[in-house]
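Novice: Structure below; questions to follow.
A short reminder: the numbers here are calculations on the coordinates, not readings from a lab. Keep in mind that what you see is a predicted model, and the values were worked out from it rather than measured. Cβ atoms come from the backbone with ideal geometry, glycine included; neighbour counts cover every protein chain shown.
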Amino acid sequence: MVSELAPKVLSSRGEGFAVNPTLRRLLREARPYYPRLIVGSLFGVLAGIAPLTLAKVGGYLQSDILVPEPHWRVLAIVIGLIVVSQLIGNAAGYGQAYLTAFSGQRMVANFRARMFDRIARMPLGEFDRWRAGELQARMSSDLALMTDAISISLPQFVQVTVTFVGALIYMLTLDWFLAIVLLVIAPLVAYIVGKFNALIVNGTKRAQERIADLSSNLMEVLANERVVKAFRREDFERDRFAAANERYFGAYMKVTQFNQTQAPVLAFVVMLALCAIIALTAREVAVGRLRPSTAWEFWIATGLLINPMNRFSIFFADFARAFVGAGRVFEVLDLPVERDDPPDAIALPGILGDVRFENVTFAYDGDRTVLRGFSAEMLHGEVVALVGPSGAGKSTIVNLVPRFYEPQSGRITVDGADIARVRLSDLRDAIAIVPQETQLFNGTIADNIRYGRLNARDDEIVGAAQEANADEFVQRLPDGYDTLVGERGIRLSGGQRQRIAIARAILRDPRILILDEATSALDSHSEALIEEALDRLLPGRTTLIIAHRLSTIRRATKILYIENGQVHETGTHDDLIAAGGAYANLHAAQFAR
């Protein structure tokens with residue numbers, strides 16, 4: 001019967017689930033664990049055979065060993081057989097469960113680590129297409145589906161399969177005709193299991209999509225809690241989350257309905273077959289074709305056969321959900337990563353910092369063109385301010401320099417070398433970024449500064465903080481540099497976070513520095529401290545400043561006015577004001593307010 005069920009489970013298409021590719025891949029992934037799994041399976045065989053002794057014991061107890069008086073020696077053997085078989089079976093079951101769980105959990109842990117690495121290495125263009133909650137759901141709930149199947153269902157499946165096959169063989173040796181009668185229901189059971197599994201797979205997919213929506217909703221609100229409170233949208237977000245929660249609840253209960261319906265339907269079918277077997281067995285005994293003791297053995301063996309038949313539906317449902325989870329995990333593992341360096345990649349051990357854009361065209365998703373034949377140069381030692389209206393392409397320009405994105409045409413060079421052909425590690429080691437919204441990690445202040453250079457000494461961290469004007473507030477904190485900043489640096493003020501980010505950049509000692517309006521949204525005191533720190537940081541480097549406020553570009557040696565993805569004006573502040581062009585108009589509009 002198992003062989004008839006397996007094709008239904010492993011090759012369904014359409015309404016079922018196309019698990020053959022997923023199964024083959026899981027088997028490949030499990031190769032390092034085959035030795036443990038083989039030993040565990042052998043333990044499972046032993047644990048599955050152990051219950052079969054009960055059938056033989058039942059025959060003994062119905063024979064003449066109890067009449068006219070008990071045969072104590074035979075009874076002692078029977079009792080010993082029961083005790084030994086159960087001890088061996090339990091010990092083997094423990095060994096199989098542990099080895100299988102170890103292998104499965106090790107494989108799942110490996111998946112989890114590889115998924116994290118894959119997500120971290122995705123190109124930003126690909127990363128932007130995914131919701132954070134979707135990725136989080138795949139690393140938690142989808143892996144949980146696999147964990148449940150591997151740790152719980154798989155060990156039990158091996159044991160009950162052995163018990164099922166052993167009981168069937170034993171029944172065939174006792175009375176092949178009665179055994180064949182019982183097997184008549186196998187095609188019906190296989191059909192029922194296949195149909196229910198198709199429903200379970202589709203329902204599980206919907207449930208996993210709903211939990212991803214729920215996770216995304218939660219993470220979005222947590223990341224924007226201040227906005228929610230500022231606009232008093234607590235009730236709105238509560239209702240939105242409640243609606244997503246209800247959708248997940250409905251999808252989950254639909255899967256539960258299928259799971260809980262399958263078992264009683266199969267149990268009813270099997271019960272009918274069992275009633276037929278009891279009636280036929282009684283008839284065989286009545287006509288003298290079967291001894292009562294043999295009938296008892298057959299009935300006990302039938303009981304051992306029925307239990308696995310009922311549990312197979314549960315196991316196959318668990319495996320069906322696990323295959324859904326595995327398929328969604330493999331989707332993440334198959335996502336593209338930033339391309340490897342070409343074999344002839346150019347090493348850049350000592351970057352000077354001359355950056356040139358040569359007729360660069362770039363579009364997001366291939367159809368939203370941002371840069372059109374963009375050409376510009378930013379030479380070492382220059383402080384270049386990128387100015388222009390929103391959507392002009394300023395952020396895209398600075399994202400292309402560290403090769404976060406790849407242009408569709410044209411080229412970008414650093415010291416004359418096309419960055420598409422240089423070693424990515426060399427390129428990014430020479431770049432530091434201070435974003436407008438400082439991004440700190442949930443660790444200590446020292447940890448966040450050291451992120452700029454992981455092998456930095458403590459005195460170098462303090463030195464970088466002093467240059468960034470951060471040391472003065474750090475020293476006032478009770479724990480100093482060991483102060484925990486909280487998630488996203490929530491325990492520090494905006495100015496403090498920004499100074500930590502500048503200290504991180506100073507510690508990196510980059511040749512190319514990118515500032516995304518590092519002083520916007522700060523109070524005047526914090527802005528003055530950061531401006532002073534930047535004055536120490538900028539000399540000798542190629543600095544690109546995205547300037548939204550013209551007052552922040554006083555230190556720029558070159559201004560690029562960008563509009564519609566092209567440079568419209570180039571020069572110093574005084575030159576562009578004197579020219580009376582677009583920059584002068586923008587300047588006048590800002591300071592006329």
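Novice: What FRET efficiency, computed as 1/(1 + (r/R0)^6) with R0 = 41 Å and r the Cβ-Cβ distance, is obtained for residue 390 and residue 98, rounded to the nearest 0.05?
Specialist: Numbers: r = 60 Å, r/R0 = 1.46.
So the FRET efficiency works out to roughly 0.10.
Novice: Related question: Take each of the peptides 246-257, 424-435, average the number of other beta-carbon atoms within 10 Å over its residues, and list them starting from the highest.
Specialist: So the peptides 246-257, 424-435, ranked by packing, come out 424-435, 246-257.
Novice: Which order results if 387, 287 are arranged by neighbouring Cβ count within 10 Å, fewest first?
Specialist: Exposure proxy ranking, most exposed first: 287, 387.
Novice: Now for a different question. What does the charge dipole of the range 355-591 about its Cα centre add up to, to the nearest 20 debye, if the Cβ of each Lys and Arg holds +1 and the Cβ of each Asp and Glu holds -1?
Specialist: Details: 26 positive and 33 negative charges, 80 e Å.
Dipole of the range 355-591, to the nearest 20 debye: 380 debye.
Novice: Using a simple spin-label model with points 7 Å from Cα along the Cα→Cβ vector, what separation in nm is obtained for residue 79 and residue 340?
Specialist: 6.9 nm
Novice: With 10 angstrom as the radius, rank 333, 26 by how many other C-beta atoms surround their C-beta, starting from the fewest.
Specialist: Ordered from fewest to most neighbouring Cβ atoms within 10 Å, 333, 26 come out as 333, 26.
Novice: How much length, in nm to one decimal, is gained on full extension between residue 127 and residue 233, taken as 0.36 nm per residue of separation minus their Cα-Cα distance?
Specialist: Going from the current span to full extension adds 35.3 nm.
Novice: Measure off 7 Å from each Cα along the Cα-to-Cβ vector at residue 144 and residue 459, then give the distance between these two points in nanometres to one decimal.
Specialist: Taking the two extended label points, one gets 5.1 nm.
Novice: Next question. Near the amide H of residue 353, under 5 Å away, which other amide H atoms are found, from residues 5 or more places off or on another chain, if H is placed in the peptide plane?
Specialist: Amide H to amide H, under 5 Å and 5 or more residues apart or across chains, residue 353 pairs with 415.
Novice: A further question follows. Taking other Cβ within 10 Å of each residue's Cβ, how do 554, 499 sort, fewest first?
Specialist: 554, 499
Novice: What residues from the range 85-127 fall in the zone where the backbone N is under 12 Å from a label point 7 Å along the Cα-to-C-beta line of residue 421?
Specialist: none
Novice: Mind checking the full-extension length gain between residue 257 and residue 531? Use 0.36 nm per residue of separation minus the Cα-Cα distance, one decimal, nm.
Specialist: 92.3 nm
Novice: Arranged from highest to lowest average of other beta-carbon atoms within 10 Å per residue, in what order do the peptides 391-397, 139-145 appear?
Specialist: Put in order of decreasing packing, that is 391-397, 139-145.
Novice: Go through 377-383, 299-305 and give me the packing order, highest mean Cβ count within 10 Å leading. Display every interim value, and only then the final one.
Specialist: Values: 377-383: 18.0, 299-305: 22.3.
Sorting 377-383, 299-305 by mean packing, highest first, produces 299-305, 377-383.
Novice: With just the Cα atoms defining each centre, how far is the range 110-184 from the range 275-352? Give it in Å.
Specialist: Centre-to-centre distance over Cα atoms comes out at 7 Å.
Novice: Another question, if that's okay. Using 0.36 nm per residue, how much length does the chain from residue 279 to residue 307 gain when fully extended, once their Cα-Cα distance is taken away?
Specialist: Going from the current span to full extension adds 8.1 nm.
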